[in-house]
1. In this structure, is residue 254 within 23 Å of residue 374 (Cβ to Cβ) and either surrounded by fewer than 24 Cβ atoms within 10 Å (Cβ to Cβ) or aliphatic (A, V, I, L, M) (or both)?
2. From the residues in the range 72-96 that are surrounded by 22 or more Cβ atoms within 10 Å (Cβ to Cβ) and of a type in the set (A, V, I, L, M), which one is farthest from residue 144 (Cα to Cα)?
3. Quick check on my filter: what residues within the range 247-278 are hydroxyl-bearing (Ser, Thr, Tyr) and either touching a helix residue (DSSP H, G or I) at 6+ places or on another chain (Cβ under 6 Å) or under 24 Å from residue 76 (Cα atoms) (or both)?
4. Within the range 48-74, which residues are in a loop (DSSP other than H, G, I, E, B) and closer than 17 Å to residue 106 by Cβ?
5. Of the conditions (1) surrounded by fewer than 16 Cβ atoms within 10 Å (Cβ to Cβ); (2) touching a helix residue (DSSP H, G or I) at 6+ places or on another chain (Cβ under 9 Å), residue 292 fails just one. Which one is it?
6. Inspect the range 237-249 for any residue being over 30 Å from residue 290 (Cβ atoms) and touching a Ser or Thr at 6+ places or on another chain (Cβ under 7 Å) and give the result as yes or no.
7. I need the full set of residues from the range 342-374 which are part of a helix (DSSP H, G or I) and under 18 Å from residue 302 (Cβ atoms), in order please.
8. Among the residues of the range 91-101, is there at least one that is part of a loop (DSSP other than H, G, I, E, B) and either modelled with pLDDT of 95 or more or more than 24 Å from residue 9 (Cα to Cα) (or both)?
Amino acid sequence: MATPGTQYVLQAGLASGMSATEGVHSPHPKPVDPHLSDDPYVLPADIMPDSQSRIALRVRGGKDVQIPYMSIGAWSWGDKATFGYNATRDLPRIHAAWEKLKAVGLTFVDTAQAYGDGESERICGSLFQGMSRNSFVVQTKWLSMPDLTNTLMQSKGPKKKLKDSLSRLGLDYVDIYLVHGPIHPAMFSTVAKGMADCVEAGMTRAVGVANYDTHEMIKMADELAKNGVPLAVCQCEYSIIRRFPEASGMIRECRKRGICFQGFASLAEGRLTGRYSQTNQPPRTLRFSSYPMHMLEPTINVLKRIAEERRVPVPAVALNYSINKGVVPLVGIRDPEQAEQDMQALGWRLTEDEIRRIEAVSIQGGTSSFFQHG
């Protein structure tokens, strides 16, 4: 079973400084040095991703994992501590959103053992019922803390916890299994052995890391390689107002090594949707990129103007930006209206001029020593 209360531990940690805009960290935005930016079109200009387009992830032997250019973030599904989940209100909306996503082929879901103390995985399992196994992709994450058994079991921790995840998901294997953060007390070699064992046992097809910095990512890739397993995914917070993985060179390093870079909080937990304002601040529990809304007005105004010119929703512009920069964005969806808006990020490309307009009002963001390293 998932460790009871993990969702509350995660929220408490974020409040105290796990997120790079909380705790002792400065809330004041830092612009991105243009010299540290990647090209406007990191994704080759001749590629026009739609909902049916796929990216191949590296795996050990066998058939590659094929993922869409956008992932559905399922942190809010079942999570009361951060998102105030209410099953009576929210579960029918999640199922309605899934029907819309399923109809167009956007069936790549990112969940975790910590989300809702495992409830997110159970909800995902209910959505997958009746679907053929090759018609969806699911990615979950191993969090070493606060469960002491992970430390006591050493390299067997990831496999033990994945077995529990598979039970909640109702599956024989997941497509991708990530280390949730660089806070594991065990050595990198020990964690790598544990993740490789999951591949060897057929419990996951690909493995990756989340919230690592570039050096840590390379170290884990090297340790996994000793076990004959490639590092397929690196996931960090990335959006227009948190371009640190780009400015630090991490995304470039991922491209060089054939690692898929995924950006979570790609809409800054709703701050880049036009939903919030100075007079309607987001809940304090939404702690990634949690700048006061008045500081984000220049950025949001540019997104709104481009959205009006393009006749698409504001979230679609923000997500399209990430895709252009070679990032697979993770976007939280809780109802069919959000699904409808976010799907409109595909099938078109921002121009270089539009990207430069956005980057002129973008934010670099920072890191935290405890959790958010990359």
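1. Considered against the rule, which asks whether it is within 23 Å of residue 374 (Cβ to Cβ) and either surrounded by fewer than 24 Cβ atoms within 10 Å (Cβ to Cβ) or aliphatic (A, V, I, L, M) (or both), residue 254 comes out as yes.
2. Out of the qualifying residues, it is 94.
3. Listed by number, the residues that qualify are 266, 273, 276, 277.
4. The answer is 48, 49, 50, 51, 52, 53, 54, 68, 69, 70, 74.
5. (2)
6. no
7. 352, 353, 354, 355, 356, 357, 358, 359
8. So far as the range 91-101 goes, no, none of its residues is part of a loop (DSSP other than H, G, I, E, B) and either modelled with pLDDT of 95 or more or more than 24 Å from residue 9 (Cα to Cα) (or both).
The values are calculated or read from the model by the stated rules, or taken from the named source; none is laboratory data. Being a predicted model, the structure only gives us computed values, none of them experimental. Neighbour counts are summed over all protein chains in view; Cβ atoms, including those assigned to glycine, are modelled from backbone coordinates with ideal geometry.
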